[in-house]
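Readers should treat all values here as calculations from the given coordinates under stated rules, not as data from a laboratory. This structure is a prediction, so every number in the text was calculated from the model and none was measured. Please note: Cβ atoms are built from the backbone with ideal geometry, for glycine as well, and neighbour counts cover all protein chains shown.
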Amino acid sequence: MTRHLIVYSKPDCPLCDALKAQLDSLGARDAFDIEIVDITTDARLEADYGHEVPVLLVDGHKAAASRIEDAALMRILETG
């Protein structure tokens with residue numbers, strides 16, 4: 001069963017861009033079902049996550065927010 005990752009993001013967000021690049025460099029897009037969600041298109045998401053993007057959910061559970069170091073991201077992807 002493929003694990004589902006959601007990245008809550010917004011435009012012009014350097015940390016969001018960094019997380020997307022990290023996921024690409026780790027080959028996560030090939031190993032996981034990844035959905036990138038622009039929170040600015042949904043008022044509720046923007047209210048919930050606007051101050052902590054990027055936010056990474058793994059299989060529906062919040063796994064990380066803001067700056068995510070490479071080693072921490074690898075542990076999250078390995079264990080969920």
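Quickly estimate the mean residue ellipticity at 222 nm for the chain, helices only: each DSSP H run with n ≥ 4 gives -39500 (n - 2.57), and the total goes over all residues, rounded to 500.
Computed ellipticity for the chain at 222 nm equals -11000 deg cm²/dmol.
Please determine, in degrees from 0 to 90 and to the nearest 10, the orientation of helix 70-79 with respect to the longest principal axis defined by the Cα atoms of the chain, where the helix direction is its Cα long axis.
Orientation of helix 70-79: about 70 degrees from the principal axis.
Among T2, T40, which comes first, then next, by fewest other beta-carbon atoms within 10 Å?
If I rank by nearby Cβ atoms, fewest first, I get T2, T40.
So if a site counts as exposed when it's one of the trypsin sites (Lys or Arg not before Pro), its DSSP state isn't H, G, I, E or B, and it has at most 13 other Cβ atoms within 10 Å, what's the longest stretch of the chain without one?
In short, 4-66.
About the Cα centre of the chain, how large is the charge dipole given +1 on each Lys and Arg Cβ and -1 on each Asp and Glu Cβ? Please answer in debye to the nearest 20.
140 debye
Using unit Cβ charges (K, R positive; D, E negative) and no other charged atoms, how large, in debye to the nearest 20, is the dipole of the range 37-80 about its Cα centre?
Result for the range 37-80 is approximately 100 debye, rounded to the nearest 20.
Helix 14-25 against the longest principal axis of the chain: what's the angle in degrees, Cα atoms only, rounded to the nearest 10?
20 degrees
At most 13 other Cβ atoms within 10 Å and a DSSP loop assignment: could you name the GluC sites (Glu not before Pro) in the chain that fit?
Filter output for the chain: E52, E69.
Taking a cut-off of 19 Å, what percent of all Cα-Cα pairs in the range 4-79 are separated by more than that?
Result for the distance tail: 25 percent.
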